[in-house]
1. Going through segment 3-17 one residue at a time, which ones are closer than 18 Å to residue 78 by Cα and either surrounded by 13 or more Cβ atoms within 10 Å (Cβ to Cβ) or aliphatic (A, V, I, L, M) (or both)?
2. Any idea how many residues of segment 41-76 are closer than 19 Å to residue 14 by Cα and of a type in the set (A, V, I, L, M, F, W, C)?
3. Could you check how many residues of segment 14-40 are closer than 26 Å to residue 92 by Cβ and either of a type in the set (S, T, N, Q) or modelled with pLDDT under 95 (or both)?
4. Strands (runs of 3 or more DSSP E) wholly in segment 26-137 with at least 1 residues that are loosely packed, with under 15 Cβ neighbours inside 10 Å - which ones?
Amino acid sequence: MLRGMANVSLWADDLEAARRWYAELLGAEPYFTKAGPDGEAGYYEFRIGDRRDELGLIDARFAPPGHAPGPGGVILSWHVDDLEGTLARLLELGATLHEGITPRGEGFVTASVVDPFGNVLGIMTNPHYLEMLAAGR
């Protein structure tokens, strides 16, 4: 059934500002751009991390009906090697704290921020992620 995260998409009212912010954070420009019906950029995609996971930025004009802007519900957490340093960098770039550093047990530690565009971005140290990576999975 569910085989792995294929793409995570974040919404932004100002797509160009979001592209610049994430390019600064990630140290890379998006590898893919898709124009909207008006010919302007409507979607940017980055490939990031060990498995080249897809992080998409979508112009909020194309959000599905009923989409509520701002933080809510689901938090997708990205593994990081330096949780404190990554959290500090996110805050330095203008994100706001959503939940501070929180130990979850057995080496699992999380934190989250709200990016300048209203999306929750989770980060964590995750021993299971490192075990799977070391095993080539």
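The values are calculated or read from the model by the stated rules, or taken from the named source; none is laboratory data. Everything numeric in this text was worked out from a predicted model, so none of it was measured. Counting neighbours? That spans all protein chains shown, and the Cβs are built from the backbone with ideal geometry, glycine included.
1. First pass over segment 3-17, keeping only residues closer than 18 Å to residue 78 by Cα: 3-11.
Those that are closer than 18 Å to residue 78 by Cα and either surrounded by 13 or more Cβ atoms within 10 Å (Cβ to Cβ) or aliphatic (A, V, I, L, M) (or both): 5, 6, 8, 9, 10, 11.
2. The number of residues fulfilling the criteria is 9.
3. Going residue by residue through segment 14-40, those that are closer than 26 Å to residue 92 by Cβ are 14-31.
From what's left, either of a type in the set (S, T, N, Q) or modelled with pLDDT under 95 (or both): none.
Residues that pass the stated criteria total 0.
4. Details: elements: 32-35, 41-48, 53-59, 77-79, 96-105, 108-114, 120-125.
Strands (runs of 3 or more DSSP E) meeting the threshold: 32-35, 41-48, 96-105.
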